[in-house]
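Student: Supplied in C-alpha coordinates, the structure appears directly below.
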Amino acid sequence: HGTDLSFKILNLRRNTEYKFRLQAKNEEGSSQWSDAVVYRTLPDCPSAPPRPHLKSKTHSQFTITWESCKDSGGSPVTKYLLEIDAGRGFEHIYEGEDREFICERLMPGQNYRLRVSCCSNGGQSAWSDVLTAQTNAVAPGQCLPPVLCSKAKSTSLQLKWLVPDSTGGAP
(Lines give C-alpha, C1' and ligand atoms only; values in the text may rest on other atoms or scores of the structure.)
Protein backbone atom coordinates (compact mmCIF):
# COMPACT_ATOMS: atom_id res chain seq x y z
CA HIS A 1 0.00 0.00 0.00
CA GLY A 2 1.25 3.47 -0.75
CA THR A 3 1.64 6.22 -3.30
CA ASP A 4 5.02 5.12 -4.72
CA LEU A 5 5.17 3.90 -8.31
CA SER A 6 7.85 1.27 -7.63
CA PHE A 7 8.76 -1.15 -4.88
CA LYS A 8 11.71 -3.48 -4.33
CA ILE A 9 10.65 -6.87 -3.00
CA LEU A 10 13.37 -8.50 -0.90
CA ASN A 11 14.04 -11.95 0.53
CA LEU A 12 12.45 -13.89 -2.33
CA ARG A 13 13.37 -17.50 -3.03
CA ARG A 14 15.89 -18.18 -5.79
CA ASN A 15 14.71 -19.62 -9.10
CA THR A 16 11.02 -19.18 -8.20
CA GLU A 17 8.01 -17.81 -10.12
CA TYR A 18 5.98 -15.00 -8.56
CA LYS A 19 2.68 -13.50 -9.78
CA PHE A 20 1.83 -9.82 -9.35
CA ARG A 21 -1.18 -7.62 -9.97
CA LEU A 22 -2.10 -4.05 -9.04
CA GLN A 23 -5.14 -2.17 -7.86
CA ALA A 24 -5.46 1.60 -7.55
CA LYS A 25 -7.52 3.27 -4.80
CA ASN A 26 -8.74 6.82 -4.20
CA GLU A 27 -11.49 8.53 -2.19
CA GLU A 28 -14.13 7.24 -4.58
CA GLY A 29 -13.17 3.57 -4.32
CA SER A 30 -10.94 0.87 -5.83
CA SER A 31 -10.17 0.05 -9.45
CA GLN A 32 -10.40 -3.43 -10.87
CA TRP A 33 -7.28 -5.55 -10.44
CA SER A 34 -4.78 -5.43 -13.29
CA ASP A 35 -4.03 -8.51 -15.32
CA ALA A 36 -1.58 -10.75 -13.48
CA VAL A 37 2.05 -10.85 -14.62
CA VAL A 38 4.55 -13.59 -13.82
CA TYR A 39 8.21 -12.93 -13.05
CA ARG A 40 10.87 -15.42 -12.04
CA THR A 41 13.89 -14.87 -9.81
CA LEU A 42 17.19 -16.24 -11.12
CA PRO A 43 19.17 -19.12 -9.66
CA ASP A 44 22.40 -18.30 -7.86
CA CYS A 45 25.84 -19.88 -8.31
CA PRO A 46 26.18 -23.12 -6.36
CA SER A 47 28.53 -23.26 -3.39
CA ALA A 48 31.94 -24.88 -3.81
CA PRO A 49 31.98 -28.66 -3.39
CA PRO A 50 33.88 -30.10 -0.42
CA ARG A 51 37.53 -31.05 -0.95
CA PRO A 52 37.84 -34.20 -3.11
CA HIS A 53 39.30 -37.37 -1.63
CA LEU A 54 41.12 -40.48 -2.82
CA LYS A 55 39.12 -43.67 -3.29
CA SER A 56 42.07 -45.91 -4.22
CA LYS A 57 45.79 -46.29 -3.58
CA THR A 58 48.12 -43.92 -5.40
CA HIS A 59 50.01 -46.00 -7.98
CA SER A 60 50.39 -44.97 -11.64
CA GLN A 61 46.68 -44.17 -11.44
CA PHE A 62 44.20 -43.41 -8.69
CA THR A 63 40.49 -42.82 -8.33
CA ILE A 64 39.33 -39.49 -6.98
CA THR A 65 35.79 -38.85 -5.75
CA TRP A 66 33.91 -35.85 -4.35
CA GLU A 67 30.62 -34.93 -2.72
CA SER A 68 28.06 -32.59 -4.25
CA CYS A 69 27.88 -28.99 -3.07
CA LYS A 70 25.84 -28.12 0.03
CA ASP A 71 23.91 -25.33 -1.75
CA SER A 72 22.96 -25.78 -5.41
CA GLY A 73 21.97 -22.11 -5.76
CA GLY A 74 18.33 -22.96 -6.39
CA SER A 75 18.97 -24.96 -9.57
CA PRO A 76 20.20 -28.57 -9.95
CA VAL A 77 23.92 -29.15 -10.54
CA THR A 78 24.39 -30.01 -14.22
CA LYS A 79 28.11 -30.89 -14.31
CA TYR A 80 31.36 -31.03 -12.37
CA LEU A 81 34.76 -29.76 -13.45
CA LEU A 82 38.00 -31.39 -12.25
CA GLU A 83 41.49 -29.92 -12.56
CA ILE A 84 44.93 -31.37 -11.77
CA ASP A 85 48.26 -29.64 -11.16
CA ALA A 86 51.47 -31.64 -11.56
CA GLY A 87 53.68 -28.59 -10.97
CA ARG A 88 52.88 -26.66 -14.16
CA GLY A 89 49.57 -25.08 -13.06
CA PHE A 90 46.05 -26.45 -13.02
CA GLU A 91 44.86 -28.26 -16.15
CA HIS A 92 41.30 -29.33 -16.97
CA ILE A 93 40.97 -33.16 -16.99
CA TYR A 94 37.25 -33.91 -16.51
CA GLU A 95 33.84 -32.39 -17.18
CA GLY A 96 30.64 -34.33 -16.58
CA GLU A 97 27.87 -35.43 -14.24
CA ASP A 98 29.80 -38.18 -12.39
CA ARG A 99 31.41 -37.50 -9.01
CA GLU A 100 34.29 -39.92 -9.55
CA PHE A 101 37.21 -39.95 -11.96
CA ILE A 102 40.20 -42.23 -12.60
CA CYS A 103 43.41 -40.23 -13.04
CA GLU A 104 45.68 -42.31 -15.28
CA ARG A 105 49.21 -42.25 -16.74
CA LEU A 106 50.66 -40.56 -13.67
CA MET A 107 54.37 -40.31 -12.94
CA PRO A 108 55.68 -42.34 -9.99
CA GLY A 109 56.73 -40.41 -6.88
CA GLN A 110 55.02 -37.24 -8.16
CA ASN A 111 52.87 -34.82 -6.15
CA TYR A 112 49.53 -33.92 -7.73
CA ARG A 113 47.05 -31.27 -6.61
CA LEU A 114 43.39 -31.68 -7.50
CA ARG A 115 40.34 -29.45 -7.17
CA VAL A 116 36.70 -29.62 -8.26
CA SER A 117 33.96 -27.11 -9.14
CA CYS A 118 30.30 -27.54 -10.08
CA CYS A 119 27.96 -25.78 -12.50
CA SER A 120 24.23 -25.13 -12.60
CA ASN A 121 21.94 -22.72 -14.45
CA GLY A 122 23.12 -20.12 -11.90
CA GLY A 123 26.76 -20.36 -13.01
CA GLN A 124 29.99 -22.01 -11.87
CA SER A 125 30.88 -22.41 -8.21
CA ALA A 126 34.19 -21.45 -6.66
CA TRP A 127 36.84 -24.20 -6.63
CA SER A 128 36.96 -26.67 -3.76
CA ASP A 129 39.85 -26.84 -1.34
CA VAL A 130 42.82 -28.61 -2.93
CA LEU A 131 43.61 -32.30 -2.37
CA THR A 132 47.31 -33.19 -2.56
CA ALA A 133 48.12 -36.77 -3.55
CA GLN A 134 51.50 -38.36 -4.17
CA THR A 135 51.90 -41.45 -6.33
CA ASN A 136 54.04 -44.27 -4.98
CA ALA A 137 57.64 -44.46 -6.16
CA VAL A 138 58.78 -47.51 -8.13
CA ALA A 139 62.15 -49.09 -8.83
CA PRO A 140 64.42 -46.99 -11.06
CA GLY A 141 64.84 -47.79 -14.74
CA GLN A 142 67.56 -50.12 -16.00
CA CYS A 143 71.09 -48.72 -16.05
CA LEU A 144 73.28 -48.75 -19.15
CA PRO A 145 76.50 -50.75 -18.77
CA PRO A 146 79.48 -48.89 -17.30
CA VAL A 147 82.06 -47.53 -19.77
CA LEU A 148 85.85 -47.57 -19.42
CA CYS A 149 86.93 -43.91 -19.32
CA SER A 150 90.74 -44.29 -19.32
CA LYS A 151 93.32 -46.93 -20.13
CA ALA A 152 93.21 -50.06 -18.03
CA LYS A 153 96.03 -50.44 -15.52
CA SER A 154 97.41 -53.57 -13.95
CA THR A 155 95.57 -53.08 -10.66
CA SER A 156 92.76 -50.61 -11.46
CA LEU A 157 90.07 -49.60 -13.93
CA GLN A 158 88.37 -46.23 -14.13
CA LEU A 159 84.70 -46.59 -15.04
CA LYS A 160 81.88 -44.12 -15.57
CA TRP A 161 78.12 -44.49 -16.06
CA LEU A 162 74.96 -42.49 -16.56
CA VAL A 163 71.96 -42.26 -14.31
CA PRO A 164 69.02 -44.43 -15.45
CA ASP A 165 66.37 -42.91 -17.72
CA SER A 166 63.90 -43.02 -14.85
CA THR A 167 64.55 -42.57 -11.13
CA GLY A 168 61.20 -44.22 -10.34
CA GLY A 169 60.09 -41.09 -8.52
CA ALA A 170 62.59 -41.37 -5.65
CA PRO A 171 66.17 -40.13 -5.26
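Student: Quick check on region 112-138: of everything there that is open to solvent by 80 Å² or more (accessible area, probe 1.4 Å) and touching a Ser or Thr at 6+ places or on another chain (Cβ under 9 Å), which residue is farthest from residue 56 (Cα to Cα)?
Tutor: First pass over region 112-138, keeping only residues open to solvent by 80 Å² or more (accessible area, probe 1.4 Å): 113, 121, 124, 129, 132, 134, 138.
Filter once more, keeping what is touching a Ser or Thr at 6+ places or on another chain (Cβ under 9 Å): 113, 121, 124, 134, 138.
Working: 113: 16, 121: 32, 124: 28, 134: 12, 138: 17 Å.
Here the answer is 121.
Student: Mind telling me which of the residues 147, 138, 163, 130 ends up being β-branched (Val, Ile, Thr) and at pLDDT 95 or above? Talk me through it step by step, then tell me what you get.
Tutor: Details: 147 fails: at pLDDT 95 or above; 138 fails: at pLDDT 95 or above; 163 fails: at pLDDT 95 or above.
Within the list 147, 138, 163, 130, the selection yields 130.
Student: Please specify each residue of region 110-137 satisfying the condition of being without any contact (Cβ under 8 Å) to a residue 40 or more places away in the chain and more than 17 Å from the chain's Cα centre (by Cα).
Tutor: Let us first name the residues in region 110-137 that are without any contact (Cβ under 8 Å) to a residue 40 or more places away in the chain, namely 111-113, 132, 137.
111, 137 - these are the residues of region 110-137 that are without any contact (Cβ under 8 Å) to a residue 40 or more places away in the chain and more than 17 Å from the chain's Cα centre (by Cα).
Student: Would you check if residue 154 is surrounded by fewer than 16 Cβ atoms within 10 Å (Cβ to Cβ), part of a loop (DSSP other than H, G, I, E, B) and polar (S, T, N, Q)? Give the derivation first.
Tutor: Details: surrounded by fewer than 16 Cβ atoms within 10 Å (Cβ to Cβ): yes; part of a loop (DSSP other than H, G, I, E, B): yes; polar (S, T, N, Q): yes.
It is true that residue 154 is surrounded by fewer than 16 Cβ atoms within 10 Å (Cβ to Cβ), part of a loop (DSSP other than H, G, I, E, B) and polar (S, T, N, Q).
Student: Which one of the conditions (1) touching a Pro at 6+ places or on another chain (Cβ under 6 Å); (2) open to solvent by less than 50 Å² (accessible area, probe 1.4 Å); (3) modelled with pLDDT under 95 does residue 66 fail to meet, given that it meets all the rest?
Tutor: Going through (1) touching a Pro at 6+ places or on another chain (Cβ under 6 Å); (2) open to solvent by less than 50 Å² (accessible area, probe 1.4 Å); (3) modelled with pLDDT under 95 one by one, residue 66 breaks only (3).
Student: Test residue 162 against the stated conditions and say whether it is more than 21 Å from residue 47 (Cβ to Cβ) and of a type in the set (A, V, I, L, M).
Tutor: Details: more than 21 Å from residue 47 (Cβ to Cβ): yes; of a type in the set (A, V, I, L, M): yes.
Against the criterion (more than 21 Å from residue 47 (Cβ to Cβ) and of a type in the set (A, V, I, L, M)), residue 162 qualifies.
Student: So which residues in region 84-111 are part of a loop (DSSP other than H, G, I, E, B), open to solvent by less than 70 Å² (accessible area, probe 1.4 Å) and at pLDDT 95 or above, if there are any at all?
Tutor: Within region 84-111, 89, 90 qualify.
The values are calculated or read from the model by the stated rules, or taken from the named source; none is laboratory data. Please read these numbers as outputs of a predicted model, since none were measured by experiment. Glycine gets a Cβ as well: all are built from the backbone with ideal geometry, and neighbour counts include every protein chain shown. These area figures cover heavy atoms from the full protein model, side chains too; ligands, DNA and RNA do not enter into them. Shrake-Rupley method; radii C 1.70, N 1.55, O 1.52, S 1.80 Å.
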